[in-house]
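Visitor: Let me give you the structure first, and then I'll get to my questions.
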Amino acid sequence: MFLLPVIDDDETQNRFWNASLDGRAIHSFLLWVEPHSNAWARRAAEGAGAAASAVTLDETPHALGRALVGLAGSPTVTVDLSEASAATDGPADGPRIAVLTGTAEDGALRLRPAGPRDREATADARRILNGAGLGYVLDLGIGAVVLGDDEDGLTAAATTDLCDVAWPGRPGTDPVAFAEALLREGARSWTRQWLRTEEAVGTRREPLPAAERTWLADVLADSLAFQLYDRLAAREPHDPASPVARRRQQIYDALRALRADLPDRVGRTVGMGIVAELIGTTYPCWNRRQFAVKSPFDYIREIRPLTDAEKAEHLSRWAAPTAVR
């Protein structure tokens with residue numbers, strides 16, 4: 001079952017609620033998801049032993065530490081963690097990200113610090129995302145960026161289910177396009193971590209099939225990419241032919257095509273859970289705000305599966321057509 005039985009499709013106020021819904025996403029990540037991601041990192045570091053000795057996991061591990069622990073434990077990756085820990089970029093008082101390049105060596109992906117040009121391109125992309133108010137997706141969910149393409153041997157390694165690691169390809173000549181690629185990778189990391197949290201608290205008995213996980217990540221990635229171009233378009237003179245406006249419309253059209261089946265498919269895939277709420281408050285082709293103000297998770301400080309009685313009460317509360325507002 002999906003989150004709401006009656007859905008308001010009025011999109012006209014979505015821009016007005018951007019900041020509020022961004023704040024809710026940040027709060028939800030920090031309150032519900034990050035504790036489980038940090039617990040995973042501590043367990044993984046213990047399992048990696050000496051391989052993770054260069055990573056400092058303090059009382060509250062951050063995305064960089066989680067990413068390096070994940071890379072250290074990957075059988076398809078070879079990385080010097082001391083070297084990677086030093087190859088970080090970011091503001092002096094903010095989250096830092098390791099920027100690496102990867103090449104295939106001896107059957108594994110060898111990671112090394114990226115060069116100055118690649119690091120600057122990554123910093124430019126982060127500035128674009130920060131300027132659009134979407135930098136939090138990377139700040140919370142990406143600790144390492146691995147640059148490279150198929151010729152470098154990244155395809156096999158990038159299919160691993162690592163969280164906190166971005167595989168955006170190589171920077172091109174368009175910094176906005178690279179910012180979009182990084183944002184999409186952030187969305188995929190978020191999806192993996194939110195699903196892992198649901199699994200950790202017993203929302204489902206086993207992980208979702210890979211195809212369903214990929215579909216959910218793609219919906220969130222498209223929705224956040226739309227947010228990027230929508231916010232950029234709002235800052236420039238109205239011109240439907242501009243590159244930003246055309247890309248915005250292209251992504252919107254693809255998302256609009258999902259609208260008829262989206263609630264049922266999300267309901268069948270993840271049910272009435274926090275992943276569904278993340279999709280609901282991000283997908284742009286309906287009133288995003290309704291999934292925040294009518295959330296079944298308000299006042300829940302530690303995430304857990306809803307009981308059948310709680311689900312029935314929530315659906316009954318919003319079953320009347322007059323409840324859409």
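Visitor: For region 266-286, name all the residues that are touching a residue at least 60 places away in the same chain (Cβ under 8 Å), farther than 10 Å from residue 3 by Cα and not aromatic (Phe, Trp, Tyr).
Guide: Within region 266-286, 269, 270, 275, 278, 279, 281, 282, 284, 285 meet the criteria.
Visitor: Here are 266, 275: which of them is under 18 Å from residue 32 (Cα atoms) and assigned to a helix (DSSP H, G or I)?
Guide: The unique qualifying residue is 275.
Visitor: Would you be able to say whether some residue in region 84-106 is under 30 Å from residue 307 (Cα atoms), at pLDDT 85 or above, touching a Leu at 6+ places or on another chain (Cβ under 8 Å) and aliphatic (A, V, I, L, M)?
Guide: Checking region 84-106: not a single residue is under 30 Å from residue 307 (Cα atoms), at pLDDT 85 or above, touching a Leu at 6+ places or on another chain (Cβ under 8 Å) and aliphatic (A, V, I, L, M).
Visitor: Quick one: residue 62 ticks every box in (1) open to solvent by less than 50 Å² (accessible area, probe 1.4 Å); (2) over 23 Å from residue 171 (Cα atoms); (3) at pLDDT 85 or above bar one, so which box is it?
Guide: (1)
Visitor: Within region 301-325, track down each residue that is in contact (Cβ under 8 Å) with a residue 12 or more places away in the chain, in a loop (DSSP other than H, G, I, E, B) and of a type in the set (Val, Ile, Thr).
Guide: 303
Visitor: Please go through region 248-263 and give me each residue that is open to solvent by 10 Å² or more (accessible area, probe 1.4 Å) and either in contact (Cβ under 8 Å) with a residue 40 or more places away in the chain or not in a helix (DSSP H, G or I) (or both), ordered by number.
Guide: Within region 248-263, 257, 258, 259, 260, 261, 263 qualify.
Visitor: Now for a different question. I need every pair where a residue in region 181-205 that is at positive phi has its Cβ under 8 Å from the Cβ of a residue that is basic (Lys, Arg) and open to solvent by 40 Å² or more (accessible area, probe 1.4 Å), sequence separation at least 6 or different chains.
Guide: Between residues of region 181-205 that are at positive phi and residues that are basic (Lys, Arg) and open to solvent by 40 Å² or more (accessible area, probe 1.4 Å), the close pairs are 202/304.
Visitor: Does residue 124 satisfy being in a helix (DSSP H, G or I), touching a residue at least 24 places away in the same chain (Cβ under 8 Å) and either under 24 Å from residue 227 (Cβ atoms) or of a type outside the set (Asp, Glu) (or both)?
Guide: yes
Visitor: From the list 217, 211, which residue is of a type in the set (A, V, I, L, M), more than 23 Å from residue 16 (Cα to Cα) and open to solvent by 60 Å² or more (accessible area, probe 1.4 Å)?
Guide: 211
The values are calculated or read from the model by the stated rules, or taken from the named source; none is laboratory data. All values derive from a computational prediction rather than experimental measurement. Counting neighbours? That spans all protein chains shown, and the Cβs are built from the backbone with ideal geometry, glycine included. Side chains are part of the model used for accessible areas, which takes the heavy atoms of the whole protein and leaves out ligands, DNA and RNA. Shrake-Rupley method; radii C 1.70, N 1.55, O 1.52, S 1.80 Å.
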